1. Return a yes/no flag: does segment 95-105 have any residue that is of a type in the set (Ser, Thr, Tyr), closer than 24 Å to Asp147 by Cα and touching a residue at least 12 places away in the same chain (Cβ under 8 Å).
2. In segment 214-227, is there at least one residue being within 11 Å of ligand 1 (Cβ to nearest atom), exposed (fewer than 15 other Cβ atoms within 10 Å of the Cβ) and assigned to a loop (DSSP other than H, G, I, E, B)?
3. Within segment 131-144, restricting attention to residues that are more than 13 Å from ligand 1 (Cβ to nearest atom) and not in a loop (DSSP other than H, G, I, E, B), which residue is surrounded by the fewest Cβ atoms within 10 Å (Cβ to Cβ)?
4. What are the pairs, 6+ residues apart or on separate chains, where a residue within segment 110-131 that is among the polar types (S, T, N, Q) has its Cβ under 6 Å from a residue that is in a helix (DSSP H, G or I)?
5. Report yes if some residue within segment 180-197 is within 15 Å of Ala274 (Cβ to Cβ), away from ligand 2 (no atom under 16 Å from the Cβ) and assigned to a helix (DSSP H, G or I); otherwise report no.
6. Of all residues being part of a helix (DSSP H, G or I) and more than 16 Å from ligand 1 (Cβ to nearest atom) in segment 16-55, which is surrounded by the most Cβ atoms within 10 Å (Cβ to Cβ)? Just the residue, please.
7. Determine whether segment 50-69 contains at least one residue that is in contact with a Gly (Cβ under 7 Å, 6 or more places away or on another chain), within 15 Å of ligand 2 (Cβ to nearest atom) and under 19 Å from Leu292 (Cα atoms).
8. Which condition number in (1) part of a helix (DSSP H, G or I); (2) over 21 Å from Ser197 (Cβ atoms); (3) open to solvent by 20 Å² or more (accessible area, probe 1.4 Å) is the one that Leu58 fails?
Amino acid sequence: MKRMLSGIKPSGQLTLGNYIGALKEFVKYQDEYDMYVFIANLHTLTVYQDPEILRKNLRDTVLLYLACGLDPKKTKIFMQSDIMEQAQLGFILSCNIYLGELNRMTQYKDKLSKGEEGLSSGFYVYPTLMAADILAYQPDYVPVGDDQKQHVELTRDVAVRFNNRYGETFKVPEPLIPKQGARIMSLSDPSKKMSKSDASDKGCIYLLDDPKAARKKVMSAVTDSINEINYDPKNQAGVANLLTIHSALSGVSIDVLVEQFKGQGYGTLKKAVADEVEKLLIQLQTSYKELLDQNILKEVLAQGKASAQGIAHATLVEVQTKVGIEI
Ligand code: AMP
Ligand code: TRP
């Protein structure tokens, strides 16, 4: 079975965009791959986080992944900071990654060009830790969003470089980028991605939103004045977004939905989407509350750590031996 690994950075509450673009996909992958999913809690610290809010986000993220159907019997779910081998490997890899490479990372360049002040050195070097997060587990595939592709490419480069310098050590992993169709847009501005960093709350549905409030957000989604239901993301971005959400949640294809809603008003489509969203949130939140009551978080993470650590440890020992620091 091929191995797959991904990290989730819980720097905010999870959204419907995360559910459709990532959580739902991971649940599907766990049946096809030897699956490793970790919570990148060290990565969240690259930008200051309020400790209490961070703790809550970390817990909610794990519980929501479980509520969505990530099964700890199939997927190894663990906390990044629990596997110290990752950070140690990170330092060794940083010694094999050039400053010039980090200077070329678009996330870093964007922040610099916006004149952002107070960037931490942790933020600058985090791609080196990400490379270690990945290479420690020797995965075949790494599913990530578009914005993380460059970091996976850097990971591949350092893997190849290390293998050339010290002999075959790392598997060179492939990034898996979700198809464009999986991009859920803001309900209040369908030209922008639905994101937890949205300025307005109206366009973004959080998985822990009150289901009735989420309904209202869907019902007030921005559409257009064409008044015809077509799937045309360019000219009717709002309607296309509603159709995409419906299709992702109901499993009915967009073509069939367009046929089904033909000749009806936008209100009817919005109501149908609101029904799907409400159903999902009620189901997820019921499961989330049950898991919270069962108090299983620590147990799940301990189990994940137990299955993951051995692999990271073996990789680290091999690396330390190859570079010559084990005497
Ligand atoms: P983020 O929360 O932006 O760090 O994203 C985490 C993952 O969730 C990404 O890798 C994407 O796969 C997915 N994701 C986030 N926002 C969206 C969105 N609006 N539509 C689809 N997928 C998304
Ligand atoms: N850096 C990623 C993000 O910001 C999260 C992450 C950390 C990750 N380590 C990883 C993703 C390893 C994939 C593999 O979203």
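The values are calculated or read from the model by the stated rules, or taken from the named source; none is laboratory data. Just so it is clear, the model here is predicted, and its values are computed rather than measured. Every residue, glycine among them, receives a Cβ derived from its backbone with ideal geometry; neighbour counts consider all protein chains shown. Just the protein is used for accessible areas: all its heavy atoms, side chains included, with ligands, DNA and RNA removed. Shrake-Rupley method; radii C 1.70, N 1.55, O 1.52, S 1.80 Å.
1. Within segment 95-105, the first condition is being of a type in the set (Ser, Thr, Tyr), and the residues that meet it are 98.
If we keep only those that are closer than 24 Å to Asp147 by Cα too, we end up with 98.
Subset that is touching a residue at least 12 places away in the same chain (Cβ under 8 Å): none.
Scanning segment 95-105 turns up no residue that is of a type in the set (Ser, Thr, Tyr), closer than 24 Å to Asp147 by Cα and touching a residue at least 12 places away in the same chain (Cβ under 8 Å).
2. No, segment 214-227 has no match at all.
3. Among residues in segment 131-144 that are more than 13 Å from ligand 1 (Cβ to nearest atom) and not in a loop (DSSP other than H, G, I, E, B), the one surrounded by the fewest Cβ atoms within 10 Å (Cβ to Cβ) is Tyr141.
4. Pairs found: Thr128/Gly90; Thr128/Leu93; Thr128/Ser94.
5. No: segment 180-197 contains no residue that is within 15 Å of Ala274 (Cβ to Cβ), away from ligand 2 (no atom under 16 Å from the Cβ) and assigned to a helix (DSSP H, G or I).
6. Arg55
7. Looking for residues that are in contact with a Gly (Cβ under 7 Å, 6 or more places away or on another chain), within 15 Å of ligand 2 (Cβ to nearest atom) and under 19 Å from Leu292 (Cα atoms), one finds at least one in segment 50-69, hence yes.
8. It fails just one condition, (2).
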